[in-house]
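We did not get these values from a lab; they are worked out from the coordinates using the rules stated. Since we're looking at a predicted model, the values are computed, not measured. Reconstructed Cβ throughout: ideal geometry from the backbone, glycine too, with neighbour counts over all protein chains shown.
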Amino acid sequence: MDFNMKKLASDAGIFFTRAVQFTEEKFGQAEKTELDANFENLLARADSTKNWTEKILRQTEVLLQPNPSARVEEFLYEKLDRKVPSRVTNGELLAQYMAEAASELGPTTPYGKTLTRVAEAEKHLGAAERDFIHTASINFLTPLRNFLEGDWKTISKERRLLQNRRLDLDACKARLKKAKAAEAKATCGHLGPWSLGLHCLWQEPWAGSQLIQCEGDTVPDFQETRPRNYILSASASALWNDEVDKAEQELRVAQTEFDRQAEVTRLLLEGISSTHVNHLRCLHEFVESQTTYYAQCYRHMLDLQKQLGSSQGAIFPGTFVGTTEPASPPLSSTSPTTTVATMPVGPSVAGLAPAGEAALCLEEVAPPASGTRKARVLYDYEAADSSELALLADELITVYSLPGMDPDWLIGERGNKKGKVPVTYLELLS
C-alpha cells in the first residue's frame, strides 16, 4: 500500500507539472519544442485520413441500410459480438406481398398473372441486393472499421505518449533555464543566503562546538557587542550548481525518451501510406460488387419488361394511340420536345393480324397515307428475329403504326431497312 501511495503521489506530481507546462504554453509564457515540418505533415495526413474514413464509412452504411433503426440494431449486435439476424430486404418483402395478392385476387386473371411476374422479378432484385450488401460489408466496410478501431487507436495512443514526453522535455528545459539564471546571480553575489531562503548556523562562545541554527527570515544583529562566528552551511553558488547538474541530467533523460517516442510515432504515421493502398484495393472491390449488383438489376428488369410487353397486347387489344414521356431523359438537351399524339394509322395489311393468325410480311408493309413520325432511339436493341429492326441508341428512325398491331410495337424504318421496334425503346418527336 505504501508503494502504491508513493506511485500515486509521483504520478500526481508529473501530471501537475505537465498541466502547468501546457497552460503556460497556451498563454505564451513558456517555450514549446516544435516538431519538424515532415512530422507535422504526417500528422495532418493521418488526421485527414481518419476524418474522411469516418465520413465514407458512415455514408456507405446509410447507402447499404437506409433504415437508422436497423443500423443501430446491427451496431449493438456487433458490439455484443453476436451474429446479426438475417433481415428480409424491401424487394423481397414487396415480392411476398405481390405473390399473396395474386393468390387471393386470382392467379389466372391478367392482373394476377402480372402480379406474379413482377413479384418474381422483385424477388430476384431483393436477392441481388442482399448479395451486394453482404459483399460490400465484407470487402469495404470491414477494412475501414478495422483501421479506425485498430491502427488508428494505436496511432492515437502513441501520439498522446509523444505529447506527454514533449511536455516533460519542455518542463525540464524550463527548470534548467531557471537554475542557470539563479546560479549566475548567486555567483555574482546578488543573492544573499537569507534572500535565498537558506538556514544559517553560528557558534556561541559558551556553546563549545555546538552550532546554533537561525531561520532564513531571522537576520542576526551584526552590531551586537557579544562576538559571534557566523558559518554558512553551504554557499548559494554551490547549491545552485548542484541544482543545475540535476536539471541537466533530467533533461538528457527527457530528451532521450522524447526522441525514442518520436521515432515510434513517425513509423506508425508513415504506415498511413500502406493504409491508403489497402483502402484503394477495397474501393475497387466495392465498385466491382456495385457494378455486378446494378447489372443484375438491369437484366432482371429488362426480362420483366419483355414479359409484360408480350402479354400486354392480349390484355389490351387495339390500335396504338400515343406514348408517354421516355423512361430516361434525352441524351441531348436540344432534342425536340416529346408530345402525346395519335400515331398515324395506315390501312389494314394482310399478315398484320394478331399473333397466331399470320406472320408479318415486311415487303407488303407500306407507310400509311396519314403520314409517319420521327423517333429517337433511347437504348440499343438487338433484333430477336428477321421481323424486327435492330436499334442503336440516339439514332433517328421513322415509325408508324398499323391496325391490329401489338400496341407495344411500331413499324420502324431506317433507310431501306424496316421492321418491328418496341415502343419502350423510343422517344417520339413532334
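Taking a sphere under 12 Å around the Cβ of T135 and counting the other residues whose Cβ falls inside, with K and R at +1 and D and E at -1, yields a net charge of -3. Placing +1 on the Cβ of every Lys and Arg and -1 on the Cβ of every Asp and Glu, with no other charges, gives the range 68-153 a dipole of roughly 60 debye about its Cα centre. Ranked by the mean number of other Cβ atoms within 10 Å of their residues, highest first, the peptides 271-281, 397-407 fall in the order 397-407, 271-281. For the charge dipole of the range 1-159, defined by +1 on Lys and Arg C-beta atoms and -1 on Asp and Glu C-beta atoms about the Cα centroid, which residue among I155, I138, T114 has the Cα displaced farthest towards the positive pole? Looking along the dipole axis, the top candidate is T114. Assign one of three labels to the range 15-151, namely rounded, prolate or oblate, based on the Cα gyration tensor with a ≥ b ≥ c the square roots of its eigenvalues; rounded applies when a/c is under 1.5, prolate when it is not and a/b is larger than b/c, and oblate otherwise. In terms of gyration-tensor shape, prolate. The phi torsions of the range 261-271, fed into the Karplus equation with coefficients 6.51, -1.76 and 1.60 and a -60° offset, translate into couplings of 5, 5, 5, 4, 5, 4, 4, 5, 5, 5, x Hz, rounded to whole numbers, with Gly and Pro shown as x.
A Förster radius of 45 Å, combined with the Cβ-Cβ distance separating N241 from E54, puts the computed FRET efficiency at roughly 0.25. Computed from phi, the 3J(HN,Hα) profile of the range 19-25 under the Karplus parametrisation 6.51, -1.76, 1.60 (θ = phi - 60°) reads 4, 5, 4, 5, 5, 5, 5 Hz, with x in place of Gly and Pro.
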